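S.K.: Below: one structure in structure tokens.
The values are calculated or read from the model by the stated rules, or taken from the named source; none is laboratory data. This is a predicted model, so every value here is computed, not measured. Glycine gets a Cβ as well: all are built from the backbone with ideal geometry, and neighbour counts include every protein chain shown.
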């Protein structure tokens, strides 16, 4: 399973949706994912890929990790995974 599919699967699970309901252009707000769901998604993604996401739960807009849409989350995860394997 590629990064994109796995991230979508995790976010869909948090949003109680089918993965097919989650598109790259979806925002977490569109999907009904609240701040707790976001934090749980981040933890699940970190565990799935064995990475550490530079994310501040107290101030999600702070830092380099862009959570503005599913697409930006996937891009951030792909970058972290690539950095880890290099």
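S.K.: With the structure loaded, tell me whether residue 52 is touching a helix residue (DSSP H, G or I) at 6+ places or on another chain (Cβ under 7 Å) and loosely packed, with under 11 Cβ neighbours inside 10 Å or whether it fails that test.
M.R.: Considered against the rule, which asks whether it is touching a helix residue (DSSP H, G or I) at 6+ places or on another chain (Cβ under 7 Å) and loosely packed, with under 11 Cβ neighbours inside 10 Å, residue 52 comes out as yes.
S.K.: While we're looking at this one, here's another question. When you scan segment 4-49, how many residues do you find that are surrounded by fewer than 17 Cβ atoms within 10 Å (Cβ to Cβ) and within 20 Å of residue 85 (Cα to Cα)?
M.R.: Adding up the residues that qualify gives 6.
S.K.: If a residue must be buried (at least 16 other Cβ atoms within 10 Å of the Cβ) and free of Cβ contacts under 8 Å to residues at least 60 places away in the same chain, how many such residues does segment 76-86 contain?
M.R.: Within segment 76-86, residues that are buried (at least 16 other Cβ atoms within 10 Å of the Cβ) and free of Cβ contacts under 8 Å to residues at least 60 places away in the same chain number 2.
S.K.: Another question, if that's okay. Among the residues of segment 55-66 satisfying the criterion of being surrounded by 15 or more Cβ atoms within 10 Å (Cβ to Cβ) and in contact with a helix residue (DSSP H, G or I) (Cβ under 6 Å, 6 or more places away or on another chain), which is modelled with the lowest pLDDT?
M.R.: Out of the qualifying residues, it is 55.
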